[in-house]
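K.L.:
Input: one structure, supplied below.
Where a number appears in this text, it was derived from the coordinates with a stated rule and is not lab data. The model shown is predicted, which means the values in this text are computed figures rather than measured ones. Cβ atoms come from the backbone with ideal geometry, glycine included; neighbour counts cover every protein chain shown.
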Amino acid sequence: MIERIIQLVSQVGSIGTVTPDTSIYEAGFSSVRVLELLLALEQEFGVSIPDQDFMTARTPREIFGLVQRLQETKAA
């Protein structure tokens, strides 16, 4: 799943090199791109990500943890 998150970050942000610890904000994401990424993640993984939680997830690794927790909560 983290590989897919990295792909989405790269595609939505139009940035070439993304690692699990690349900060999306330092990579130049605008607020519009952040919203596009949020929507893409929700669609891809079938979860609803609260805005305030998403704003604290700054890297693909942190986004992965957030999405994973939401999926586990949804399955419970």
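K.L.:
Would you please name the chymotrypsin sites (Phe, Trp or Tyr not before Pro) within the chain that are DSSP coil residues with at most 16 other C-beta atoms within 10 Å of their C-beta?
P.N.:
For chymotrypsin sites (Phe, Trp or Tyr not before Pro) across the chain that sit outside H, G, I, E and B with at most 16 neighbouring Cβ atoms in 10 Å, the list reads Tyr25.
K.L.:
If you put +1 on each Lys and Arg Cβ and -1 on each Asp and Glu Cβ, how big is the dipole of the chain around its Cα centre, in Debye rounded to 20? It would help to have the intermediate numbers written out before the result.
P.N.:
Details: 6 positive and 10 negative charges, 10 e Å.
Dipole about the Cα centre, nearest 20: 60 debye.
K.L.:
Round to the nearest 10 and give me the degree value, 0 to 90, for the angle of helix 31-45's Cα axis relative to the longest principal axis of the chain.
P.N.:
With both axes taken from Cα atoms, the answer is about 40 degrees.
K.L.:
Nearest 10 degrees, 0 to 90: what angle lies between the long axis of helix 2-13 and the longest principal axis of the chain (Cα atoms)?
P.N.:
Taking the Cα atoms of the chain, the angle to 2-13 is about 50 degrees.
K.L.:
Separate question: Scan the chain for GluC sites (Glu not before Pro) in coil per DSSP, keeping those whose Cβ has at most 12 other Cβ atoms within 10 Å, and list them by number.
P.N.:
Glu26
K.L.:
Tilt of helix 60-75 relative to the longest C-alpha principal axis of the chain, in degrees (0 to 90, nearest 10)?
P.N.:
The angle comes out near 20 degrees.
K.L.:
For Gln11 and Thr56, compute 0.36 nm times the residue count separating them, minus their Cα-Cα distance, and round to one decimal in nm. Provide the component values of the computation, followed by the final result.
P.N.:
Working: separation 45, 0.36 × 45 = 16.20 nm, distance 2.06 nm.
Separation in residues times 0.36 nm, less the Cα-Cα distance, equals 14.1 nm.
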